[in-house]
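Take a look at the structure below.
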Amino acid sequence: MEEQQTEYASGNEMAAIAVRQIGYDVMGYYPITPSTQIAEKLDLMRAEGETDLTMIAAEGEHSAAGICYGAAVGGGRVFNATSANGLLYALEQFPVQSGTRYPMVMNVACRTVSGPLSIKADHSDLMYLLNTGWLIFFAHTVQEVYDFNLIALRLAEEVRLPAVVAFDGFFTSHQKCRCFRFANDEAVKAFIGPKKDPYPFFDFEHPITVGSYMNEPDIMQNKYQLHLAMEKARTGLPECFSAYQTLSGRQYAECEGYQWEDAEMILLLLGSTYDTATVAVERMRRQGKKVGVVTLNVLRPFPAKAVYEFCRHAACILVADRQDSYGAGGGNLSLEVRAAMQKYRSTAKIKSLVYGLGGMDFFVEDAVRIMEDALCDDGRDFYYYGIYAGEKEAENKGPFFAPLTAERTKLGIVNVTKLKKGIEAGGLNLNATTAMPKRIAAGHGACPGCGIPVNLNLLLRGIEDPVVLLFQTGCGMIVTTPYPKTSFKVPYLHNLFQNGAATLSGLAELCYRKQQQGEIPAGDIVFIMVSGDGGMDIGMGSALATAIRGHRLLLFEYDNGGYMNTGYQLSYSTPKGAKSATSHVGKAQSGKSFFHKDMPQIMAASNIPYVATVAESHPVDFMRKAVKAAEYAKGYGTAYVKALSACPLNWNDAPASERSVIEAAVNSCYFPLYEVEQGKTSITYDPDAYGKKIPVLDWLSMMGRTKHLQQSKYQDIVQELQAEVDRRFRCLRAKSEHPYL
């Protein structure tokens, strides 16, 4: 056995330790709860010089998978980590990786697939991978997360297939326990062996083509070869497990069980609830009931024979799935166990249940109860465990507020004039807008000082027409819609980060169609998408395509400079040099390494009729632009408005000071206030003209996330950022002074 040392760590942390010891080349990633901690831990290691892993923050999981594939084709050792809808977003890339036979390892911290949105654990994401041609390991303990990451890579490179190491989100990914890891990184590298690339991509003397177009019968042969590779993995697994036992002293097999040898009834399930079930088995054994529990360490290749060997003596098998294959009479684990037992002519009665969806707690008492039910044979073949009847009276409760009809919002507080070369919003003042009923109720769960509700209320304060809101996933959505309550007094819809604008365009076009057909009353409606928390990274493609198509709607971005709803990882909108959970500051790294994205200019380049930037420090300017944007959205096409939005928790500043922090960003020209109306740029506030221009460092020094930039060793970063801010503002000034730009 090789020397080992103890770690008190979580599953995510042990995964990161395994990645560091293996010495991967590239990680393409996108933050998503609950897998994000892996990237965060690795970035911290990188900042401290503990690893030279190249980490590429993609703008979405689909691109992250593409980054990984490209690096794998180039002959690198490649790693990724994801969860839930992130996995589904990248799904089409996974058969590409396996079909062209390039190994890599991806960790999946299993989580509920929405909608509705939930970030808690179940196995509904993982089961989508069953037909992608990837090896799939399932770790039910933190120790196994570490061990299976090593075993998976060795097997993946041996059979030339990519591999997944899955484990329960939050239960295994976040809970800490005492684990063992190899003290010497060289022992890890020796176990995995050197990387072998039979067809080097960068061999220019022997160039190869990867991913050819295929028809029959070639595609049939390709898929058959993938099948053969999976079968090779089946025969190679025992050797991998045996070699690892010699190295570590820890013994693994395709399946494992507790008190299964003489059990009359076996509970078969995946993940962390296996350990809960072992305690239930002990309790029932003391009562003289012959029960046992079995779990699978490997899902692909599916260990059908091992499942049969573990369960063949039982009269009853209860398969518990933490997901459902809707309409099939059981989850995927249940269906495959049934097929395996039938293949080997088992006469056991097999029952299926679905439990623990959305991270619903599963206690020892629950395990006892479902095994008791299975023993008594109540006649049920498939059922859900843990469901409850809704409250009938709750359905009959009236609205908590009067609906905000057009009559209540048409107050005449603004005079909109349509000019030949634009729209003018006159007569707007702060006092008059206080009469506007708020579309968002006072109750929400935002942090003290959060800029999101402030910006939303300013946006809507001068818009007198009825509004329909769509929120992309983010803090703004999460803090306002915790079921069964909502903060919204107007029609509201949610969709995921990457698809909000497209969804709203479909909704708007349907509305206009129904208005033409007389099914919906005629009249102006302002359709508004609200995005933030990095939503214009992963959602930029959808937003730009919507803008180019010219749908009549308003895209509103609250820019808080990071993925705040997942704990502040770097976004493309994060300032250069800022520290975040994926851009740490250390001896080998100095915060975010590239400049913030200029989304207003990107949108302006799509030639939409109206683009504007706004800030709560200039409320009248904010509301005037919001009114103009709404007018353009009603009758001309897509409008885009961006607000700088404070996040005290992650900016690490005082909630009471946020307005002054926002104002400093404006006065430093990091966040200039301007509009692009029908292609013509106009600066609406020039700090130079008021003698308020300040260096960018003055603004950066007000926030904990960038306070370190005051140190002399970071002066190059500050100078680069100042030069870029000045360059961008000079461009704006030149456009503003030009008659056509």
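A short reminder: the numbers here are calculations on the coordinates, not readings from a lab. None of the values given here were measured: they were computed from a predicted structure. Methodologically, a virtual Cβ is constructed for each residue, glycine included, from the backbone with ideal geometry; neighbour enumeration extends over all protein chains shown.
So the values come out like this:
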read-out	value
Cleavage-rule hits, GluC sites (Glu not before Pro), segment 57-136, DSSP coil, Cβ neighbours within 10 Å at most 11	92
Calculated from backbone phi, Karplus (6.51, -1.76, 1.60) coupling profile of segment 132-141 in Hz, x at Gly/Pro	9, x, 9, 5, 10, 9, 10, 9, 9, 9
Ranked 493, 333, 419, criterion: other C-beta atoms within 10 Å, fewest first	419, 493, 333
Anisotropy class of segment 255-384 from Cα gyration tensor, a/c 1.5 cut	rounded
Exposure proxy order (Cβ contacts within 10 Å, fewest to most) of 46, 283, 513	513, 283, 46
Kyte-Doolittle mean at least -0.5 and Cα axial length at least 30 Å: DSSP H helices in the chain	218-248
Residue list for segment 689-732, given a label point 7 angstrom along the Cα-to-Cβ vector of residue 601 and an amide N cut-off under 13 Å	723-732
Calculated over segment 1-94: convex hull of Cα atoms, volume per residue (Å³)	115 Å³
For residue 62, net neighbour charge (Lys/Arg +1, Asp/Glu -1) across residues whose Cβ lies under 13 Å away	-4
Over 18 Å between alpha carbons, listed pairs 642/693; 421/680; 485/634	642/693; 485/634
Burial ranking of peptide ranges 250-260, 446-456 (average Cβ count within 10 Å, highest at the top)	446-456, 250-260
Peptide ranges 722-728, 133-139 listed from the most packed, as the mean C-beta count within 10 angstrom indicates	133-139, 722-728
Percent RCO, i.e. relative contact order, over segment 1-65, from Cα pairs under 8 Å lying at least 6 residues apart	38 percent
Ratio Rg/Rh [Cα only; Rh per Kirkwood] for the chain	1.01
About the Cα centre, charge dipole magnitude for the chain (Lys/Arg +1, Asp/Glu -1 at Cβ), debye	1440 debye
Summed residue charge, Cβ within 10 Å of residue 410's Cβ, Lys/Arg positive, Asp/Glu negative	-2
Sequence of 119, 662 once ranked by neighbouring C-beta atoms within 10 Å, starting from the fewest	119, 662
The chain: relative contact order in percent, alpha carbon pairs under 8 Å with at least 6 residues between	10 percent
Relative packing of peptides 533-546, 401-414, 599-612, 199-212 - highest average C-beta neighbours within 10 Å first	533-546, 599-612, 401-414, 199-212
Span from the segment 569-647 Cα centroid across to the segment 465-535 one, whole angstrom	20 Å
32 Å Cα-Cα threshold exceeded, pairs from 41/576; 41/597; 628/735; 41/120; 195/223; 438/579	438/579
Positive-pole candidate from 480, 70, 119, dipole of the chain, charges at beta carbon	480
Nonlocal amide H pairs with residue 383, under 5 Å, H built at 1.01 Å	352, 353, 354
DSSP bridge orientation in segment 411-502 - percent antiparallel, rounded to nearest 5	60 percent
Placed amide H near residue 290: partners under 5 Å, 5+ positions off or other chain	264
Positive minus negative residues near residue 74 (Lys, Arg vs Asp, Glu; Cβ under 12 Å)	-1
Sequence-distant residues sharing a close amide H with residue 133 (under 5 Å, placed H)	none
